[in-house]
Amino acid sequence: MRLQRRRWRIRAFRKRRNLAPVANRTNQIRPSDLLLFSTARNEGVRLPYFLKYYREMGVNHFLIVDNDSTDGSLDWLASQPDVSVWHTRHGYKRARFGVDWLNWLQMKYAHGHWCLVVDPDELFLYPFCDTRPLRALTDWLDASSIKSFSAMLLDMYPKGRIDEEPYRAGQDPLEVAPWFDAGNYTITRNPRFGNLWIQGGPRSRVFFPETPEKAPALNKIPLVKWDRRYAYVSSTHMLLPRGLNLVYDEWGGEKASGVLLHTKFLDTFTSKAEEELTRREHYGASKEYVAYAAGLKDNPQLWCKWSERYINWRQLEILGLMSKGNWA
């Protein structure tokens, strides 16, 4: 595992050549700042709310890799005073789906900081997020000597066709897509890396009904007190050293955990899926997007009679999708 971690770090170091700084404001980062890292391509319609949401949560600086956007989002990001942005035309797949790029930026700029690594369509929730800023959570994690915090990816979707209501830039995506699956999730333990592997939800139900084991993973570890020796292995599903993946209690209790509200399924999804099918830059020759195209061809909706409408984080705790553990 140590050799593998060294390999990922060396690979990230080499991939630094892919990144050209467009607006590098990292000299503004203070030792106590909370940082957010992300990759984006043609996410201009999502970015205004994305930055607003995480600014209000308490993020101090955003470090974003733009993968050759053509919608003007690169210029918009470069104009934001709390954003550092890098541009690359290199392949997303060849950078291990962006992991190498972000591993490098975290190695260089994130040492000693609490860092969120999220996509532009992911909204992070944690216990008491309606009354306590993110720094309250990280302070508690520091006091508890906890270095990583998990969050289950929860797919959100509208009632009816996903292309029925247009999403506007700056709008809360939950106004359009407030529904989710409350059940039908499976959890297994990855014996090699020690992390939990969660699958299910609407993507399993609609797109992989016959082969649920091929459904996308929903387990993530998006919040980490970063050290330059760390490395993400596969998206934010797991890290090295292995101890960072032990975000659950093995002795019958519950560790605190969060949720990432995944707002992929807006009216923008169809064109996004078509683009990704053409680019073939996602995992497994974009087999996930092949399944999306097939599943939505005749009936582009995910809602069913068992769908639950999102209210707040306490609702998700009651449903067992997140936990406040012993943080009170």
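Which one is nearest to Leu123 (Cα to Cα) among residues in the range 172-185 that are more than 19 Å from the chain's Cα centre (by Cα), surrounded by fewer than 20 Cβ atoms within 10 Å (Cβ to Cβ) and modelled with pLDDT of 95 or more? Once the filter is applied, the top-ranked residue is Glu175.
Residue-by-condition table, conditions (1) farther than 23 Å from Tyr92 by Cα; (2) of a type in the set (Val, Ile, Thr); (3) surrounded by fewer than 16 Cβ atoms within 10 Å (Cβ to Cβ); (4) modelled with pLDDT of 95 or more:
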position	(1), (2), (3), (4)
Tyr232	no, no, no, yes
Met238	no, no, no, yes
Leu260	no, no, no, yes
Glu276	no, no, no, no
Ala285	no, no, yes, no
Tyr289	no, no, no, no
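Look at (1) open to solvent by less than 10 Å² (accessible area, probe 1.4 Å); (2) of a type in the set (A, V, I, L, M); (3) out of contact with any Gly (no Cβ under 8 Å at 6 or more places or on another chain) and you find that Leu134 fails only one, number (3).
Selection of first residues in the range 77-88 that are open to solvent by less than 20 Å² (accessible area, probe 1.4 Å) and of second residues that are at pLDDT 95 or above and among the basic types (Lys, Arg), restricted to Cβ pairs under 8 Å at least 6 apart or on distinct chains, gives the following pairs, ordered by first then second residue: Val83/Arg25; Ser84/Arg25. Suppose we keep only residues that are over 16 Å from the mean Cα position of the chain (by Cα) and touching a residue at least 40 places away in the same chain (Cβ under 8 Å) within the range 204-224. Which one would you say is nearest to Gly183 (Cα to Cα)? The selected residue is Arg205.
When the range 15-31 is limited to residues that are open to solvent by 70 Å² or more (accessible area, probe 1.4 Å) and without any contact (Cβ under 8 Å) to a residue 60 or more places away in the chain, the one that is nearest to Leu134 (Cα to Cα) turns out to be Arg30.
When the residues of the range 110-119 are filtered to those that are touching a strand residue (DSSP E or B) at 6+ places or on another chain (Cβ under 9 Å) and farther than 15 Å from Met57 by Cα, which remaining residue is surrounded by the fewest Cβ atoms within 10 Å (Cβ to Cβ)? Within the range 110-119, the match that is surrounded by the fewest Cβ atoms within 10 Å (Cβ to Cβ) is Gly112.
Pairing residues of the range 37-61 that are at negative phi with residues that are open to solvent by 30 Å² or more (accessible area, probe 1.4 Å) and assigned to a helix (DSSP H, G or I), at Cβ distances under 7 Å and at least 6 apart in sequence or on separate chains, gives Gly44/Trp76; Leu47/Trp76; His61/Gln28. All of Pro120, Pro191 fail the test of being at pLDDT below 95 and either more than 20 Å from the chain's Cα centre (by Cα) or in a loop (DSSP other than H, G, I, E, B) (or both), apart from Pro191.
The values are calculated or read from the model by the stated rules, or taken from the named source; none is laboratory data. Because the structure is predicted, anything quoted here is derived from the model rather than measured. All Cβ positions, even for glycine, are placed from backbone atoms using ideal geometry, and neighbour counts span all protein chains on display. When the accessible area is computed, the model is the full protein with side chains, heavy atoms only, and any ligands, DNA or RNA have been set aside. Shrake-Rupley method; radii C 1.70, N 1.55, O 1.52, S 1.80 Å.
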